[in-house]
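Undergrad: Have a look at the structure that comes next, please.
Values in this text are rule-based calculations from the coordinates and carry no lab data. From a predicted model like this one, the values you see are computed outputs, not experimental measurements. Cβ placement follows ideal geometry from the backbone for every residue including glycine, while neighbour counts extend to all protein chains displayed.
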Amino acid sequence: MPKAITLTDFGGPDVLRWADVPLPQPGEGQIRVKVKAAGVGPTDLALRSGRLKAFSLRRNAVLGFEAAGTVDAVGPGVNGTQIGEEVAALLFDLGGYAEYAVASMWVEKPPSVPWAAAASLPASAEAAAGVLRQMAVKTGDTLLILGGGGAVGLIATQLAVAQGIKVVSAVGARADALVTSLGATPVRYGAELVDAVRSVGAVDFAFDASGKGVLADAIALTGAADRVITLSDPAAGDFGVRLSHPSPERAPHALEATMSMLARGRLRLREYRTMRMQDASEAHRLLEGGQVHERVVLTL
């Protein structure tokens with residue numbers, strides 16, 4: 001039987017176990033991917049801990065919204081994709097931490113893009129492009145990105161700046177130079193965040209890509225909860241803030257556009273490090289403890 005990292009319960013990283021699972025079968029319009037690499041995102045950590053209740057997970061669920069690998073099987077209605085093709089996939093129903101995953105949205109991986117980079121793109125690209133589209137941010141607006149130095153924040157910054165949107169980016173000190181080089185104005189997290197942002201100017205919208213409990217500040221700065229979207233803050237409902245949900249309709253061309261940019265050297269991703277898929281629990285532990293500041297990609 002194939003293996004995957006399964007969620008045996010909600011709790012600390014130790015609830016993740018490498019175990020036998022049934023071979024998933026692609027349905028209508030789906031492909032099965034033999035996974036080479038899978039990205040680990042902040043939403044994965046929130047789901048594993050049980051803090052994020054917006055997603056309903058069954059026992060022994062397999063986490064992971066994104067993966068890269070070779071097409072192993074195609075379901076009915078799939079055209080233009082061949083077995084053996086190298087792809088990066090966005091997994092709306094999770095399942096990336098596994099030897100095999102089923103996907104309904106994918107893009108061909110160019111030869112110049114490494115497996116780990118391809119696996120760290122889909123969920124971040126969809127979230128970045130999708131949230132900008134959901135909020136209807138337009139040229140001339142000012143967007144506050146909370147967590148602008150993270151995987152999603154960096155892509156959102158680049159897409160927004162390219163559209164003529166002014167970006168104010170809340171980051172840690174280590175990301176100041178990076179976000180500045182991408183065209184954003186950095187500000188620091190902390191008690192002075194609101195004053196620091198206001199010193200830059202008025203904010204029209206806020207994208208919380210960090211989930212670090214700053215929704216009250218985001219609402220204060222934008223003036224309304226409906227001008228704020230969060231990626232993974234479990235308190236979103238308490239503040240009347242929308243929680244980011246990936247869907248095929250939200251940003252249907254995000255993967256194609258950003259993969260093309262990445263292949264041409266026109267998109268910068270967050271730095272990443274690779275770890276073995278079997279060590280997913282350790283990856284979660286290191287990320288939660290702040291011992292790893294790069295993106296983590298699990299590889300097989």
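Undergrad: Need one number: % antiparallel among DSSP beta bridges in the chain, to the nearest 5. Write down the numbers at each step before the final one.
TA: Values: 31 of 54 bridges.
Given both bridge residues lie in the chain, the antiparallel proportion sits at roughly 55 percent.
Undergrad: Top mean-square fluctuation among PRO24, PRO122, PRO42, Gaussian network model of the chain, C-alpha springs under 10 Å?
TA: PRO24
Undergrad: A follow-up question, please. Which length gain, in nm to one decimal place, applies between ARG250 and GLN291 when the Cα-Cα distance is subtracted from 0.36 nm times their residue separation?
TA: Numbers: separation 41, 0.36 × 41 = 14.76 nm, distance 3.35 nm.
Result: 11.4 nm gained on full extension.
Undergrad: Hey, if you drop one equal point scatterer on each alpha-carbon of the range 130-172 and run the Debye formula without solvent, what base-10 log of I(q)/I(0) do you get at q = 0.22, 0.35 Å⁻¹?
TA: -0.63, -1.35
Undergrad: Given q = 0.09 Å⁻¹, what are the Debye log10 I(q)/I(0) values for the range 1-156, with equal point scatterers placed on the Cα positions and solvent ignored?
TA: Normalising to I(0) and taking log10 leaves -0.31.
Undergrad: Right, something else. Around ASP141, which amide H atoms from residues at least 5 apart in sequence, or from another chain, sit under 5 Å from its own amide H, with H modelled in the peptide plane?
TA: Placed amide hydrogens put LYS166 under 5 Å from ASP141.
Undergrad: Next up: Any idea what log10 I(q)/I(0) is at q = 0.25, 0.27 Å⁻¹ for the range 85-149, Debye with uniform C-alpha scatterers and no solvent?
TA: -1.12, -1.21
Undergrad: Have a look at ARG273, ARG58, ARG48 and tell me which one the Gaussian network model of the chain (Cα, springs below 10 Å) gives the largest fluctuation.
TA: The residue with the greatest mean-square fluctuation here is ARG58.
Undergrad: So, one more: Per residue of the range 201-210, what does 6.51 cos²θ - 1.76 cosθ + 1.60 with θ = phi - 60° give for ³J(HN,Hα)? Whole Hz please, x for Gly and Pro, Karplus curve as stated.
TA: Whole-Hz 3J(HN,Hα) from phi for the range 201-210: x, 5, 10, 8, 9, 9, 10, 8, 9, 10.
Undergrad: Separate question: Could you identify which residue out of SER247, SER124, SER181 has the top mean-square fluctuation in a GNM of the chain using Cα springs shorter than 10 Å?
TA: SER181
Undergrad: Residues with amide H under 5 Å of LYS36's amide H, sequence separation 5 or more or different chain, H placed in the peptide plane at 1.01 Å from N; which?
TA: ALA68, GLY69, THR70
Undergrad: Here's a follow-up. Write down the radius of gyration of the range 159-242 and its Dmax, each obtained from C-alpha positions, in Å.
TA: Rg then Dmax for the range 159-242, in Å: 12.4, 36.
Undergrad: Enumerate by residue number the GluC sites (Glu not before Pro) in the range 1-110 meeting two conditions: DSSP loop (anything except H, G, I, E, B), and at most 14 other Cβ atoms within 10 Å of the site's Cβ.
TA: Values: sites: GLU28, GLU66, GLU85, GLU86, GLU99, GLU108; in loops: GLU28, GLU85, GLU99.
Passing sites in the range 1-110 are GLU28.
Undergrad: Jot down the per residue volume, in cubic angstrom and as a whole number, of the convex hull over the alpha-carbon atoms of the chain. Intermediate values should be presented prior to the final figure.
TA: Values: hull volume 36.4 nm³, N = 300.
It is 121 Å³ per residue.
Undergrad: Packing-wise, with mean Cβ within 10 Å as the measure, how do 211-220, 232-241 rank, highest first? Don't jump to the answer; show the numbers that get you there.
TA: On the way: 211-220: 19.1, 232-241: 17.6.
The peptides rank, most packed first, as 211-220, 232-241.
Undergrad: Using a simple spin-label model with points 7 Å from Cα along the Cα→Cβ vector, what separation in nm is obtained for PHE239 and ASP14?
TA: A separation of 3.3 nm, rounded to one decimal place.
Undergrad: Rounded to the nearest 500 deg cm²/dmol, what is the calculated helix-only ellipticity per residue at 222 nm for the chain, with -39500 (n - 2.57) per DSSP H run of length n ≥ 4?
TA: Details: 10 runs with 84 residues, N = 300.
Rounded to the nearest 500, it is -7500 deg cm²/dmol.
Undergrad: Rounded to whole Hz and in sequence order, give me ³J(HN,Hα) for the range 62-77 from the Karplus expression 6.51 cos²θ - 1.76 cosθ + 1.60, θ = phi - 60°, writing x for Gly and Pro.
TA: 10, 6, x, 8, 8, 7, 9, x, 9, 5, 9, 7, 10, x, x, x
Undergrad: Related question: Could you compute the net charge surrounding GLY41? Neighbours are other residues with a C-beta less than 9 Å from the C-beta of GLY41; K and R count +1, D and E count -1.
TA: Numbers: positive: ARG295; negative: ASP44, GLU66.
Here the count lands on -1.
Undergrad: What's the center-to-center distance, using Cα atoms, between the range 14-91 and the range 266-300 in Å?
TA: Each part's Cα centre sits 17 Å from the other's.
Undergrad: Taking a cut-off of 24 Å between Cα atoms, list the lysines near LYS166, but don't count ones fewer than 8 places away on the same chain.
TA: List returned: LYS138, LYS212.
Undergrad: Same structure, new question: When Lys and Arg each count +1 and Asp and Glu each count -1, what net charge do the other residues less than 12 Å away from SER247, Cβ to Cβ, add up to? Each step should come with its number before you reach the end.
TA: Working: positive: ARG133, ARG250; negative: ASP93, GLU126, GLU249.
Cβ neighbours under 12 Å give a net charge of -1.
Undergrad: OK, next. Tell me the net charge near PHE10. Cut-off is 13 Å between Cβ atoms, PHE10 excluded, with +1 for each Lys or Arg and -1 for each Asp or Glu. Let's see the in-between values first.
TA: On the way: positive: ARG48, ARG51, LYS53, ARG58, ARG59; negative: ASP9, ASP14, ASP44.
Overall, the nearby charge balance is +2.
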